[in-house]
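Asks: The structure's right below; bear with me while I get my questions together.
The values are calculated or read from the model by the stated rules, or taken from the named source; none is laboratory data. Here the structure is a predicted model, which is why all the values come from computation and not from measurement. Please note: Cβ atoms are built from the backbone with ideal geometry, for glycine as well, and neighbour counts cover all protein chains shown. We work out accessible area using only protein heavy atoms, side chains counted, and drop any ligands, DNA or RNA first. Shrake-Rupley method; radii C 1.70, N 1.55, O 1.52, S 1.80 Å.
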Amino acid sequence: MTDRVTATPEALALLDRLSAKHGPLLLHLSGGCCDGTAPLCLPLGEFRMGGGDLCLGAVGGTPFCMADGTFAYWEHSQVILDVIQARGGGFSLEAPDGVRFTVRARLFSDEELPHLLPPVPAGTLAVPH
């Protein structure tokens, strides 16, 4: 089975460092303008999910979610989480390190599409209290 979301070794290493410092994490891609086109990384439970948010899977144990409208654009693509040297203007946990999470895409093949698991409503995520 093919995962809807995957990550480069660099992204996984950054997630490991951030989770060691901040505890369980969440990645969310809003798909909006400006910094909304880069995934936001926050401590799990500190981002209020909307009723239309979906979780595509997890990378390095970190859930990767997006709005259902954004998923409509990405549903035929595998999301590949990566890291670049850049400063973002948002509140993502990696920003102080001078790096930024980014996403790339790879279209699923016709053979992969029927075997993909559907995303799950983000409201089903177990969030620490």
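Asks: How large, in percent, is the carbon and sulfur part of the accessible surface of the chain at a probe radius of 1.4 Å?
Replies: 57 percent
Asks: Here is a follow-up. Taking springs between alpha-carbon atoms closer than 10 angstrom, which of Ala11, Ala20, Ala38 fluctuates most in the Gaussian network model of the chain?
Replies: Comparing Ala11, Ala20, Ala38 in the GNM, the peak value goes to Ala20.
Asks: Moving to a separate point now. What's the longest piece of the chain with no exposed GluC sites (Glu not before Pro), counting a site as exposed if DSSP puts it in a loop and it has at most 15 other beta carbons within 10 Å?
Replies: Excluding the exposed sites themselves, the longest stretch runs over 47-110.
Asks: Here's something else I'd like to know. Under a Cβ-Cβ cut-off of 13 Å, what is the net charge of the residues other than Gln85 that fall near it, where Lys and Arg count +1 and Asp and Glu count -1?
Replies: -2
Asks: Rounded to whole Hz and in sequence order, give me ³J(HN,Hα) for region 72-83 from the Karplus expression 6.51 cos²θ - 1.76 cosθ + 1.60, θ = phi - 60°, writing x for Gly and Pro.
Replies: Once rounded to whole Hz, the list reads 4, 7, 9, 4, 9, 10, 7, 7, 10, 7, 9, 10.
Asks: Another one. Assign unit charges at the C-beta atoms only (+1 for Lys and Arg, -1 for Asp and Glu), then state the dipole size of region 13-108 relative to its Cα centre in Debye, rounded to the nearest 20.
Replies: That gives region 13-108 a dipole magnitude of about 180 debye.
Asks: Quick one: which residues, 5+ away or cross-chain, put their amide H under 5 Å from the amide H of Ser77? H built at 1.01 Å from N.
Replies: Amide H to amide H, under 5 Å and 5 or more residues apart or across chains, Ser77 pairs with Phe108.
Asks: Taking every pair of Cα atoms in region 37-129, average 1/r, invert it to obtain the Kirkwood radius, and report Rg/Rh to two decimals.
Replies: Looking at region 37-129, the ratio lands at 0.97.
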